[in-house]
Amino acid sequence: MVRIVIQTLFVGAVLMNCAANSIAQEGFRLSPVGSEQNDQSINHVGDGYVDITRCFTKLIADVSIPAQESGPLVSIDVREGEAVEAGRQLAAIDDRLAQLRLETAQTKRDAASQKANNDVDIRAAQNALETASSEQKTDYGLARKGSLPMQEYERTALRAKQAALQLEQAMRDKDAALKEVQIEEYNVRAAGDSIRRHAIVSPIGGIVM
């Protein structure tokens, strides 16, 4: 289990008024513990950082950040003592298997989508039903006139019922295919979330310990 500790510190310093103003311009917030001080306690070191030589620190938070997924560590992107902001990636776990799962889920989703958008079976069943219904209507008229045996008409009626059932089944298959697309879409999202969990990200700003 990979675990990185982030500490957030409160920094206070004994500063002259001019020094406190200088620090404020650098983006730090300080709590002076005295109003007068003869020794300069702040040195500018460049890149927006200052060196405070007379100060106290108080631990605000000590946050242990574990990896959310198991696997070998492939990178550590911070150093001990480095200041980080919230959302900074600290390390990464090998996500090759998760990437493969994402590709597999995407392939299955695309195949399910293609199947759901294919209406050939429905159109074929509709045409078969129209033909069978027309034949049934014609044979019914002939049977009433005695020009066609009743058994022949019954066979025509049976074909019409079968055609209606085939259309119903084709529509049910399409509904099932649409649901399959939704399921595969959920799998794609889950695989993407798994990949993101392979990155260890700091939830707060602080110092790497």
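The numbers here are math on the coordinates, done by the rules we state, and not lab data. Please read these numbers as outputs of a predicted model, since none were measured by experiment. Positions of Cβ are generated from backbone atoms using ideal geometry, with glycine treated the same way; all protein chains shown enter the neighbour counts.
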Partner lysines whose C-alpha sits under 21 Å from that of K161, ignoring same-chain residues fewer than 8 away, are K137, K174
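How many percent of all Cα-Cα pairs in region 150-193 sit more than 14 Å apart? Provide the component values of the computation, followed by the final result.
Values: 630 of 946 pairs.
More than 14 Å apart: 67 percent of the Cα pairs in region 150-193.
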Take the Cα of R197, step 7 Å along the line toward its Cβ, and report every residue of region 82-124 whose backbone nitrogen sits under 19 Å from that point.
89-106
For K179, give me every one of the lysines with a C-alpha distance below 23 angstrom, ignoring sequence neighbours fewer than eight places off in its own chain.
K108, K115
Nitroxide proxy distance, nm - points 7 Å out along Cα→Cβ at L73 and R123:
5.9
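Report the full-extension gain for the segment Q114 to E130: residue separation times 0.36 nm, less the Cα-Cα distance, to one decimal in nm.
On the way: separation 16, 0.36 × 16 = 5.76 nm, distance 2.66 nm.
This chain segment gains 3.1 nm when fully extended.
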Is region 59-100 rounded, prolate or oblate when judged by the Cα gyration tensor, a ≥ b ≥ c being the square roots of its eigenvalues, rounded requiring a/c under 1.5 and prolate requiring a/b larger than b/c?
prolate
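Report, in cubic angstrom per residue, the convex hull volume of the C-alpha atoms of region 96-180.
Working: hull volume 5.7 nm³, N = 85.
In region 96-180, the Cα hull volume divided by residue count equals 68 Å³.
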Between I204 and Q162, 0.36 nm times their residue separation minus their Cα-Cα distance comes to what?
8.5 nm
